[in-house]
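Asks: The structure that follows is given in the form of structure tokens.
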Amino acid sequence: MTSILPLELRGLGYSAGGRRLLSGVTVPLRAGMRTIVLGPNGAGKSLLLRLCHGLIQPTEGGLRWSGGLDEAALRRRQAMVFQRPVLLRRSALGNIRYVLSLRGVARRLRQGMAEEALDRFGLGELARRPARVLSGGERQRLALARAWAVRPEVLFLDEPTSALDPAATLAVEIAVHDFHANGTKIVMTTHDLGQARRLADEVLFLSRGRLVEHGPAAEFFQAPATAQARAFLAGELMC
Amino acid sequence: MFDLAAAFSSAIALIAGLDAELFAIVRLSLGVSLAAVAIAAVIGLPLGAFLALARFPGREVVLVALNALMGLPPVVVGLAVYVLLSRAGPLGSFGLLFTPGAMVVAQAVLVTPIIAALGRQAVADLWEEYGEQLRSLGAPRRRVIGTLLWDGRHSLITVLLAGFGRAAAEVGAVMIVGGNIKGLTRTMTTAISLETSKGDLAMALGLGMILLAVVAAVNGAAFAAGAWARRVSG
Ligand SMILES: Nc1ncnc2c1ncn2[C@@H]1O[C@H](COP(=O)(O)OP(=O)(O)O)[C@@H](O)[C@H]1O
Ligand SMILES: [Mg+2]
């Protein structure tokens, strides 16, 4: 199976309501690295992920996946975990079976694959529970299990832990690690600098809709090149 | 002057005595209105969901028209269905006129726009919440419609109830296409209007009380079921 990576962003931009919310983002997203997108609130991190995932269309520049697949095929290679995941009004197991059926997995295989994904994220006991009555941490783990079940080549995560307590946050970080260890490309936003240090191989630093810095995580955290990044790391309020 | 108290007590006697004619009328009314709502749901819910999601030129016109159709006067619907079903009409060969089938058709026509328009709103609200997630999961349009209808089931029940209320309460359409034939097409509403004009207020009041009770009971049951379902399934 040919890879859809790297994803090449070329002058990527997005405007809405007469405002340029994101512009001139040019960067390759390569396989094997955990890319963490950092930046102050409103910098355009979520927009960048939604553009990459194809949920919104760029108004300038563009992005190109490798492998020459069509849109539907590309979608099947990706998954996204949102800050507040939308779970369907059915059981935890049913939520995973649903996405497996979307991916064309044969009916008789779905049950086993769904159970495996739930077990992996410690949700085996809750398989029959209606998904929408689960706790915040359980819901996020279910969203991760749902992504896991489809074996994505790329996983986007948009502030997946910002509404979670420390234990649930840890579970998400372990999950990110597991995805990575299984060869899934991670592209994740977070406003938790400690988490970014723990997870990042590479950092994209956005500020005011522009990609201000990008490079290996160690360099970024030790010797940020720009004043904006230094201020951000020092925890100064900025916009 | 009639004696209101006497009319009331004989109405209650009719109900308490399980008057056969009365209950045949109630059964027919319920059957016709429930069948009409079922047909309207099968057509109106997918139509509403489609209109909530689709973007095409002229969509606004369709939505305005649909909203206007919610206020269709029952007698006009009755007349239109009468013309269609009458012996010389395009659907005359089915021989439906003055049968319960004709009443079902007329009420379904009356209720479909209501279910489609209110259903569209409910599905559009849900799409706000679900849209990006379903697109992220890669759900194709047909699956999206089915998923939104299923996940919106709690609010769509209320939509169906609104349709049922409209069907059960109308008199104009069933009167015209059913003909208010005793023992065949006489419903609660047509009977009430007939008995009132004949001066048999006991029967009219009895039917009126049952009609109110039935509508209240259906709504209460649906409300309780909805509250229970929301609690257990979120
Ligand atoms: N559809 C939209 N229309 C107008 N403004 C938007 C839209 N989506 C996002 N924005 C604005 O774009 C900016 C960047 O948003 P976002 O990517 O969500 O920031 P963050 O880096 O905090 O994730 C914000 O100022 C936000 O208000
Ligand atoms: Mg964001």
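The values are calculated or read from the model by the stated rules, or taken from the named source; none is laboratory data. Values in this document were obtained by computation on a predicted structure and should not be read as measured data. Glycine gets a Cβ as well: all are built from the backbone with ideal geometry, and neighbour counts include every protein chain shown.
Asks: When both residues are 6+ apart or on different chains and their Cβ atoms are under 8 Å apart, which pairs have a first residue that lies in region A:40-60 and is within 10 Å of another protein chain (Cβ to nearest Cβ), and a second that is of a type in the set (A, V, I, L, M, F, W, C) and more than 9 Å from ligand 2 (Cβ to nearest atom)?
Replies: Listed by first residue and then by second, the contacts come to A:50/A:56; A:53/A:80; A:53/A:156; A:54/A:74; A:55/A:80.
Asks: Here's something else I'd like to know. Look through A:90, A:64, A:77 and report the one residue that is away from ligand 2 (no atom under 16 Å from the Cβ) and within 14 Å of the chain's Cα centre (by Cα).
Replies: Just a single option satisfies the conditions, and that option is A:77.
Asks: Inside region A:29-54, can you point out the residues that are within 13 Å of ligand 2 (Cβ to nearest atom) and in contact with a Lys or Arg (Cβ under 6 Å, 6 or more places away or on another chain)?
Replies: A:37, A:39
Asks: Among the residues in region A:116-129, are any under 22 Å from residue A:186 (Cα atoms), within 16 Å of ligand 1 (Cβ to nearest atom) and not polar (S, T, N, Q)?
Replies: Scanning region A:116-129 turns up no residue that is under 22 Å from residue A:186 (Cα atoms), within 16 Å of ligand 1 (Cβ to nearest atom) and not polar (S, T, N, Q).
Asks: To continue, here is another question. Could you check residue A:98 against (1) away from ligand 1 (no atom under 16 Å from the Cβ); (2) closer than 26 Å to residue A:49 by Cα; (3) not in a helix (DSSP H, G or I) and say which number it fails?
Replies: (3)
Asks: How many residues does region B:82-124 contain that are in contact with a Lys or Arg (Cβ under 9 Å, 6 or more places away or on another chain), modelled with pLDDT under 95 and polar (S, T, N, Q)?
Replies: Here the count works out to 1.
Asks: Which number in (1) within 14 Å of another protein chain (Cβ to nearest Cβ); (2) more than 16 Å from ligand 2 (Cβ to nearest atom); (3) surrounded by fewer than 18 Cβ atoms within 10 Å (Cβ to Cβ) marks the one condition that residue A:26 misses?
Replies: (1)
Asks: Does residue A:33 satisfy the criteria of being within 15 Å of the chain's Cα centre (by Cα) and facing chain B (nearest Cβ under 10 Å)?
Replies: So residue A:33 fails the test.
Asks: For region A:43-80, what are the residues that are within 14 Å of ligand 1 (Cβ to nearest atom) and either of a type in the set (Asp, Glu) or part of a helix (DSSP H, G or I) (or both)?
Replies: Scanning region A:43-80 gives A:45, A:46, A:47, A:48, A:49, A:50, A:51, A:52, A:53.
Asks: Tell me the helices (runs of 4 or more DSSP H) entirely within region B:1-84 that contain at least 2 residues that are in contact (Cβ under 8 Å) with a residue 60 or more places away in the chain.
Replies: Passing ranges, in order: B:4-16, B:20-53.
Asks: Take residue A:184 and tell me if it is among the polar types (S, T, N, Q) and in contact (Cβ under 8 Å) with a residue 40 or more places away in the chain.
Replies: The answer is no for residue A:184.
Asks: Grab the helices (runs of 4 or more DSSP H) fully contained in region B:128-234, keeping just those with 2 or more residues being over 30 Å from residue A:73 (Cβ atoms).
Replies: It comes to B:153-169, B:172-178, B:188-198, B:201-233.
Asks: Has region A:20-28 got any residue that is touching a residue at least 24 places away in the same chain (Cβ under 8 Å), within 11 Å of ligand 1 (Cβ to nearest atom) and touching a helix residue (DSSP H, G or I) at 6+ places or on another chain (Cβ under 7 Å)?
Replies: yes
Asks: On to the next question. Among the residues of region A:81-95, write down those that are of a type in the set (A, V, I, L, M, F, W, C), more than 16 Å from ligand 1 (Cβ to nearest atom) and within 12 Å of chain B (Cβ to nearest Cβ).
Replies: Matches in region A:81-95: A:86, A:87, A:88, A:92.
Asks: So if I check each of B:137, B:148, which one is within 14 Å of chain A (Cβ to nearest Cβ), crowded, with 24+ Cβ neighbours inside 10 Å, more than 17 Å from the chain's Cα centre (by Cα) and without any contact (Cβ under 8 Å) to a residue 60 or more places away in the chain?
Replies: Going through B:137, B:148 in turn, just one is within 14 Å of chain A (Cβ to nearest Cβ), crowded, with 24+ Cβ neighbours inside 10 Å, more than 17 Å from the chain's Cα centre (by Cα) and without any contact (Cβ under 8 Å) to a residue 60 or more places away in the chain: B:137.
Asks: Is region A:20-33 home to any residue that is under 30 Å from residue A:133 (Cα atoms) and at pLDDT below 95?
Replies: No, because not a single residue in region A:20-33 is under 30 Å from residue A:133 (Cα atoms) and at pLDDT below 95.
Asks: What number of residues in region A:118-146 are part of a helix (DSSP H, G or I) and within 14 Å of another protein chain (Cβ to nearest Cβ)?
Replies: So the count comes out to 13.
A quick yes/no check of all residues on (1) surrounded by 20 or more Cβ atoms within 10 Å (Cβ to Cβ); (2) touching a Leu at 6+ places or on another chain (Cβ under 6 Å); (3) assigned to a helix (DSSP H, G or I):
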site: A:148; (1), (2), (3): yes, no, yes
site: A:155; (1), (2), (3): yes, no, no
site: A:163; (1), (2), (3): no, no, no
site: A:174; (1), (2), (3): no, no, yes
site: A:188; (1), (2), (3): yes, yes, no
site: A:206; (1), (2), (3): yes, no, no
site: A:218; (1), (2), (3): no, no, yes
site: A:229; (1), (2), (3): yes, no, yes
site: A:232; (1), (2), (3): yes, no, yes
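Asks: Okay, moving on. Restricting to region A:33-42, give me the number of residues that are more than 15 Å from ligand 1 (Cβ to nearest atom) and aliphatic (A, V, I, L, M).
Replies: Here the count works out to 1.
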